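Here the structure is laid out as structure tokens; the discussion comes afterwards.
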Amino acid sequence: QSISMNKIALYTFKLLQALDFLYQKNVVHRDVKPDNFLHNFETNIFKLIDFGSSVKGTKGFQAKGGGTTGFKAPEILMGAMHQTAAVDIWSAGIIMLIMLTGDRYILSRATEKDKNWAHLKEITAIVGYEKMHEVAAYLHEAETFTSHVQDQQSRIISTNVRGWTAIVEQKRLWETDTDSLDLLSQMLDVDPRTRITA
């Protein structure tokens, strides 16, 4: 909670720079999280580690699952078999969100049996049912998505929380500029087709 905006900017830049380097080599990390991005602000040395889940194929690969609870992209949470490098950008966005809010568990430490659907419900409450249903339809998971979150629709419509910017505004510890909020929203675009690239 003591990190400065300048350090958040540097950390995010270095993480995206590391991911961009990987993508130039056609490699997707698939487990981006704070534990896997070593950093030293005194020496400005940053290292992306743990390539045990990495795969070739930035434009697309076949895989089930991947990632760490709390950092998984919506397409992974929905069980999509076709994934892209966009899964890493989502995880990097969650890290940025954590730094901007000072909340390590911005997505809950869900303890129920199926953590994936618990987190999908939380994301749906933030971005809206319609948007998530549209992504589920694209991923051919609309029926499963509806069966898991249909009880959410009426509750989501009545909530005041709309979008990632609203989450930061509610929890922020310091002044956040519009550029950082814009980048965050593009990194946490629930649609992998339109999510910003490294």
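The values are calculated or read from the model by the stated rules, or taken from the named source; none is laboratory data. Keep in mind it's a predicted model, so treat the numbers as computed, not measured. No Cβ is skipped: glycine too gets one built from the backbone with ideal geometry, and neighbour counts run over all protein chains shown. Calculation scope for accessible area: heavy atoms of the full protein, side chains included, ligands and nucleic acids excluded. Shrake-Rupley method; radii C 1.70, N 1.55, O 1.52, S 1.80 Å.
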Between a first residue in segment 57-76 that is within 20 Å of Pro34 (Cβ to Cβ) and modelled with pLDDT under 90 and a second residue that is assigned to a loop (DSSP other than H, G, I, E, B) and among the hydroxyl-bearing types (Ser, Thr, Tyr), which pairs have beta carbons less than 7 Å apart while being 6 or more apart in sequence or on different chains? Gly66/Ser53
Within 26 Å of Leu181 (Cβ to Cβ), open to solvent by 10 Å² or more (accessible area, probe 1.4 Å) and either in a helix (DSSP H, G or I) or of a type outside the set (Ser, Thr, Tyr) (or both): does that describe Ile98? yes
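Conditions (1) at pLDDT 85 or above; (2) assigned to a helix (DSSP H, G or I), marked per residue:
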{"position": "Ala125", "(1), (2)": "yes, yes"}
{"position": "Glu130", "(1), (2)": "yes, yes"}
{"position": "Glu134", "(1), (2)": "yes, yes"}
{"position": "Ser147", "(1), (2)": "no, yes"}
{"position": "Gln153", "(1), (2)": "no, yes"}
{"position": "Asn160", "(1), (2)": "no, no"}
{"position": "Leu173", "(1), (2)": "no, no"}
Please go through segment 1-30 and pick out each residue that is surrounded by 20 or more Cβ atoms within 10 Å (Cβ to Cβ) and assigned to a strand (DSSP E or B). Val28
Residue satisfying condition, being touching a Leu at 6+ places or on another chain (Cβ under 7 Å), of a type in the set (A, V, I, L, M) and more than 24 Å from Ser180 (Cβ to Cβ), within set Ile49, Ile8, Ile76: Ile49
Members of segment 175-193 that are in a helix (DSSP H, G or I) and over 16 Å from Ala125 (Cα atoms): Thr178, Asp179, Ser180, Leu181, Asp182, Leu183, Leu184, Gln186, Met187
Pull up segment 31-82, narrow it to residues that are within 19 Å of Leu16 (Cα to Cα) and of a type in the set (Val, Ile, Thr), then point me to the one that is surrounded by the fewest Cβ atoms within 10 Å (Cβ to Cβ). Thr43
Ala63: passes all of (1) more than 22 Å from Phe13 (Cβ to Cβ); (2) over 19 Å from the mean Cα position of the chain (by Cα) but (2)
Condition broken by Gly128, with the remaining ones in (1) open to solvent by 10 Å² or more (accessible area, probe 1.4 Å); (2) out of contact with any Asp or Glu (no Cβ under 8 Å at 6 or more places or on another chain) satisfied: (1)
All positions within segment 31-40 that are out of contact with any Lys or Arg (no Cβ under 6 Å at 6 or more places or on another chain) and either under 24 Å from Gly60 (Cα atoms) or not in a helix (DSSP H, G or I) (or both): Asp31, Val32, Lys33, Asn36, Phe37, His39, Asn40
Residues of segment 53-75 being in contact with a strand residue (DSSP E or B) (Cβ under 7 Å, 6 or more places away or on another chain) and part of a helix (DSSP H, G or I), in sequence order, are Glu75
